[in-house]
Amino acid sequence: MNYEYDEIDRALFALPLEEPPKGLHQSILALTVQAPSAAEERIGWWESLALGLGLALAAFLAWSVVTNPAFGAEIVAALMTFGRVLSEPPMLAALSAGCSAVVWVSLMTFRPARVEVRSNRA
Amino acid sequence: MAALAQPGARVSARTGTLEVDDDATLVAATLAGRSEAFGTLVERYERAVYNLCLRTLRDTEEAKDASQEAFLKAFRAMRTFRPGAKFSTWIFSIAYHACCDRLNRRKRYSDGELSERADPGPGPDVLLERRDEATELRAAIDALPEKYRAVITLYHLQGHQYEEIARVLDLPMGTVKTHLFRAKEQLRRHLAHLRGRVTDEVTET
């Protein structure tokens with residue numbers, strides 16, 4: 001008997017879907033809605049710590065500027081010195097070399113060795 | 001929390017899933033933090049997604065992994081789901097692209113040894129034992145080239161919705177229709193050949 005297009009359509013739509021493996025539903029839920037990152041760790045402890053440190057530093061600087069009028073000028077002078085050192089050619093060269101090395105190392109990929117597949121069939 | 005306000009929305013005591021007909025409501029409920037809503041979406045589409053992955057990859061373990069990956073990606077990208085779009089099209093598209101990534105990786109690492117990695121399908125002796133229409137048809141679909149296999153599988157899963165199939169595969173509608181026509185033609189030939197071969201072998205024995 002030869003198949004015709006209508007018959008292929010009929011057979012296709014009558015084709016039962018194959019059962020997914022047992023545990024697929026549970027494993028999907030475990031990866032998504034039941035994963036700890038989804039529910040508990042919306043803000044990591046290190047994020048809270050960084051935020052706290054930032055706020056404490058900002059409060060200290062504000063308090064220092066208010067209580068000591070010369071403090072602002074000292075901070076500005078320190079920043080100017082820092083900027084001047086950064087703009088010196090030897091420092092710039094050292095920084096560029098360091099950054100280039102970091103980028104180069106981060107772009108390196110380590111692929112697994114290729115596994116030869118041999119056929120068992122004659 | 002539109003899903004919670006819906007009169008028909010209730011949690012099934014048996015499965016722990018949210019009993020809502022509309023996928024968009026389930027997506028909204030998932031975004032509102034209702035995990036049972038996502039459970040309902042998984043329950044509704046895991047079988048179809050798994051079958052799409054299985055037919056595309058022809059490997060049960062990889063199909064399972066690709067299905068998990070698709071739902072995980074969908075869950076993480078739920079906020080990008082366009083209101084008014086069909087969830088089925090969206091999840092099929094994510095699953096299909098996950099499968100394509102796996103096929104590309106497989107090709108890269110095996111350098112043309114794809115046929116060794118993929119399930120070769122049942123031989124003639126097995127066909128004699130399991131000679132039912134569904135097995136024959138699945139074997140014929142598995143024998144199709146990848147692009148036709150995807151189209152015919154989505155046609156099987158989504159019916160005559162060519163536009164949805166085109167969206168999933170990211171192809172023009174005309175190409176989908178052409179692929180579908182050629183896939184059916186190859187299926188017809190393959191099934192006719194298979195039937196002839198099995199009949200010959202039965203006669204010989």
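Just the C-alpha atoms of region B:138-198: what Rg/Rh do they give, with Rh taken as the Kirkwood radius? Kindly include the intermediate steps, with their values, before the conclusion.
Details: Rg = 12.0 Å, Rh = 11.8 Å.
With Rh from the inverse mean 1/r over Cα pairs, Rg/Rh is 1.02.
What FRET efficiency comes out for A:LYS22 versus B:ALA32 if R0 is 30 angstrom and r is the Cβ-Cβ distance? Round to the nearest 0.05.
Working: r = 30 Å, r/R0 = 1.01.
Efficiency at R0 = 30 Å is approximately 0.50.
The packing ranking, built from the mean of other Cβ atoms within 10 Å per residue, places the peptides B:171-182, A:25-36 in the order A:25-36, B:171-182, highest first. Once the C-beta distance of A:TRP104 and A:PHE71 is scaled by a Förster radius of 25 Å, the resulting FRET efficiency is 0.05 to the nearest 0.05. The mean number of partner chain beta-carbon atoms within 10 angstrom of a residue's beta-carbon across peptide B:49-59 is 2. Mean per-residue shielding of peptide B:32-45 is 3, counting Cβ atoms of other chains within 10 Å of each Cβ. Mean partner shielding of peptide B:155-162, defined as the number of other chain Cβ atoms within 10 Å of each residue Cβ, is 2.
Bear in mind these aren't lab numbers, they're just calculated from the coordinates by the rules spelled out. All values reported here derive from a predicted model rather than from experimental measurement. Positions of Cβ are backbone-derived with ideal geometry, glycine not excepted, and every protein chain shown enters the neighbour counts.
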